[in-house]
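**Student:** The structure follows.
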Amino acid sequence: MVSWRLGWAAYRIPFARPVVTANGGLRDRVGAILWLDTPDGFRGLGEIAPLPHVAERELPRALQALHALQDDIERGEPGLQRLLGSWPDGTEAGRALRASLETALLDLRARRAGLPLARWLSAQARLTVPVNAVVTAPVTEAAVEQARAAVAVGFETVKLKVGAAGEDAAEVERVAAVRAAIGPGVWLRLDANGAWPAERAVRLLRWMARYEIELVEQPVPAGDLEGLAAVRRHVPIPVAADEAVTGPEAARRLLELEAVDALVLKVPVAGGIAPAREIAERAVERGCTVVVTSTFEAGVGLAAALHLAGALPGSVPACGLATAGLLATALVTEPLEPQSGSMHLPSGPGLGLEMDAVALERWGAAAKG
């Protein structure tokens, strides 16, 4: 018997400005919005947002799996909860799909309770989260201008994408130029997206340490946990895992190896909000910093990450959530923009936002359900 109605629509949104990471340049963000409608008139929203550089490959797999699970999902809340609890698919597509379904379920529950999702998750949730600017321009001069502009509007932390330069000297010059542009009073982070072998990472980061680096995210490939631990032992810059944080078990291994000073949580990579919160609790117990970051997703996924950050235990450093402006649209009617280096959680119940039907129609791709 059908008690819920599941729907979804894929999207392809162009980036509003050049975005270049160690994985290459990004022209479009590919993903999908899904919704669950209940007989009592509530709608829960989720977003399928595999990492951008693999989304063209992984999104069709996720949508195929979603279609196969539709009958089970539409049976209602108990069945969906059981499905999420015994989720069988740990692939990139599978984790992103699980995260989207769990987000929609939690959105429904919080809407019914009349609470913002963060406050439904934790009565002590903060409603404002500090955020960092992200500098993605591939040319050093443009990166300098982006960094200066971020500081001018109130950001106190700037994250610089690195790892795309072929020569060591060019990598170091980029970091030096951005540090000079933002001055000594602003935190500077680096994000290498797994670009460097461990030996090169150690060499580069020792040189870059003179530029007062707060943190370096994923300096080595995600699968090289021993290499990550070696980098942490040999450089004076705190080290974070990002793409390697694929769930609670992966986080446990990183903590046991003492490979990191920080864990970066991305909801689609971790498999959802609940796994991400479990990871955060373990990290805090071990004295490890937790940072919540987007995957350049549209507004639904970004709001889920923002509520997660608000509900985390302990203090939260600047999170990588000031990314809606990188896309031509966030597909939602509510703005999700930073103000003076912080973001306010949407105040409405659940995720606190609604889909922009006009934008979804304009940027929607062919896959719909």
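**Student:** Quick check on segment 31-42. Is at least one of its residues open to solvent by 30 Å² or more (accessible area, probe 1.4 Å), touching a Lys or Arg at 6+ places or on another chain (Cβ under 7 Å) and closer than 28 Å to Ala222 by Cβ? Steps first, answer last, please.
**Tutor:** Here is the first cut: in segment 31-42, the ones open to solvent by 30 Å² or more (accessible area, probe 1.4 Å) are 35, 37, 39-42.
Subsequent filtering for residues that are touching a Lys or Arg at 6+ places or on another chain (Cβ under 7 Å) retains 35, 37, 42.
Going one step further and asking which of them are closer than 28 Å to Ala222 by Cβ, we end up with none.
No - not one qualifying residue is present in segment 31-42.
**Student:** Hey, another quick one. Only one of Leu101, Leu105 is over 24 Å from Asp242 (Cα atoms) and either assigned to a helix (DSSP H, G or I) or among the hydroxyl-bearing types (Ser, Thr, Tyr) (or both); which?
**Tutor:** Details: Leu101 fails: over 24 Å from Asp242 (Cα atoms).
Going through Leu101, Leu105 in turn, the sole match is Leu105.
**Student:** Right, Ala330: open to solvent by 10 Å² or more (accessible area, probe 1.4 Å) and under 17 Å from the mean Cα position of the chain (by Cα) or not?
**Tutor:** Numbers: open to solvent by 10 Å² or more (accessible area, probe 1.4 Å): yes; under 17 Å from the mean Cα position of the chain (by Cα): yes.
Considered against the rule, which asks whether it is open to solvent by 10 Å² or more (accessible area, probe 1.4 Å) and under 17 Å from the mean Cα position of the chain (by Cα), Ala330 comes out as yes.
**Student:** Now for a separate question. Within segment 127-169, work out how many residues are of a type outside the set (A, V, I, L, M), touching a residue at least 60 places away in the same chain (Cβ under 8 Å), surrounded by fewer than 17 Cβ atoms within 10 Å (Cβ to Cβ) and farther than 23 Å from Pro219 by Cβ. I'd like the intermediate steps shown before the answer.
**Tutor:** Taking segment 127-169 as the starting set, the residues that turn out to be of a type outside the set (A, V, I, L, M) are 128, 130, 132, 136, 138, 140-141, 145-146, 148, 154-157, 159, 161, 163, 166-168.
Narrowing the set further to residues that are touching a residue at least 60 places away in the same chain (Cβ under 8 Å) leaves 128, 130, 132, 136, 138, 154-157, 159, 161, 163.
From the residues that got through so far, the ones that are surrounded by fewer than 17 Cβ atoms within 10 Å (Cβ to Cβ) too are 128, 138, 154.
From what is left, the residues that are farther than 23 Å from Pro219 by Cβ are 128, 154.
Total satisfying the criteria: 2.
**Student:** Consider Arg17 carefully, then state whether it is modelled with pLDDT under 95, among the basic types (Lys, Arg) and open to solvent by 10 Å² or more (accessible area, probe 1.4 Å).
**Tutor:** On the way: modelled with pLDDT under 95: yes; among the basic types (Lys, Arg): yes; open to solvent by 10 Å² or more (accessible area, probe 1.4 Å): yes.
Yes; evaluated as a whole, the condition is true for this residue.
**Student:** Condition first: open to solvent by 50 Å² or more (accessible area, probe 1.4 Å), touching a residue at least 40 places away in the same chain (Cβ under 8 Å) and in a strand (DSSP E or B). Can you find one or more residues in segment 276-290 that meet it?
**Tutor:** Taking segment 276-290 first, the residues open to solvent by 50 Å² or more (accessible area, probe 1.4 Å) are 277-278, 281-282, 284-287, 289.
Cutting the leftovers down to touching a residue at least 40 places away in the same chain (Cβ under 8 Å) gives us 277, 289.
From what's left, in a strand (DSSP E or B): 289.
Checking segment 276-290: at least one residue is open to solvent by 50 Å² or more (accessible area, probe 1.4 Å), touching a residue at least 40 places away in the same chain (Cβ under 8 Å) and in a strand (DSSP E or B).
**Student:** How many residues, within segment 228-262, are open to solvent by less than 60 Å² (accessible area, probe 1.4 Å) and part of a helix (DSSP H, G or I)? If you could, list the steps in order and put the result at the bottom.
**Tutor:** At the first step, the residues of segment 228-262 found to be open to solvent by less than 60 Å² (accessible area, probe 1.4 Å) are 228-231, 235, 237-248, 250-251, 254-255, 257, 259-262.
Filter once more, so that each one left must be part of a helix (DSSP H, G or I): 228-231, 248, 250-251, 254-255.
Within segment 228-262, residues that are open to solvent by less than 60 Å² (accessible area, probe 1.4 Å) and part of a helix (DSSP H, G or I) number 9.
**Student:** For segment 214-227: of the residues being out of contact with any Gly (no Cβ under 8 Å at 6 or more places or on another chain) and closer than 10 Å to Asn193 by Cα, which is surrounded by the fewest Cβ atoms within 10 Å (Cβ to Cβ)?
**Tutor:** Glu217
Results for (1) under 22 Å from the mean Cα position of the chain (by Cα); (2) at pLDDT below 95, shown as yes or no for each residue.
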| residue | (1), (2) |
| --- | --- |
| Arg109 | no, no |
| Arg112 | no, no |
| Leu115 | no, no |
| Arg119 | yes, no |
| Ala137 | yes, yes |
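**Student:** Could you give every pair whose Cβ atoms fall below 6 Å, whose first residue belongs to segment 221-243 and is of a type in the set (A, V, I, L, M, F, W, C), and whose second residue is surrounded by fewer than 17 Cβ atoms within 10 Å (Cβ to Cβ) and assigned to a strand (DSSP E or B), counting only separations of at least 6 or pairs across chains?
**Tutor:** Final answer for the pair search is none.
The values are calculated or read from the model by the stated rules, or taken from the named source; none is laboratory data. Since this is a predicted model, take the numbers as computed values, not measurements. Don't worry about glycine lacking a Cβ; one is built from the backbone with ideal geometry, like all the others, and counts go over all protein chains shown. Heavy atoms of the whole protein, side chains included, go into the accessibility calculation; ligands, DNA and RNA do not. Shrake-Rupley method; radii C 1.70, N 1.55, O 1.52, S 1.80 Å.
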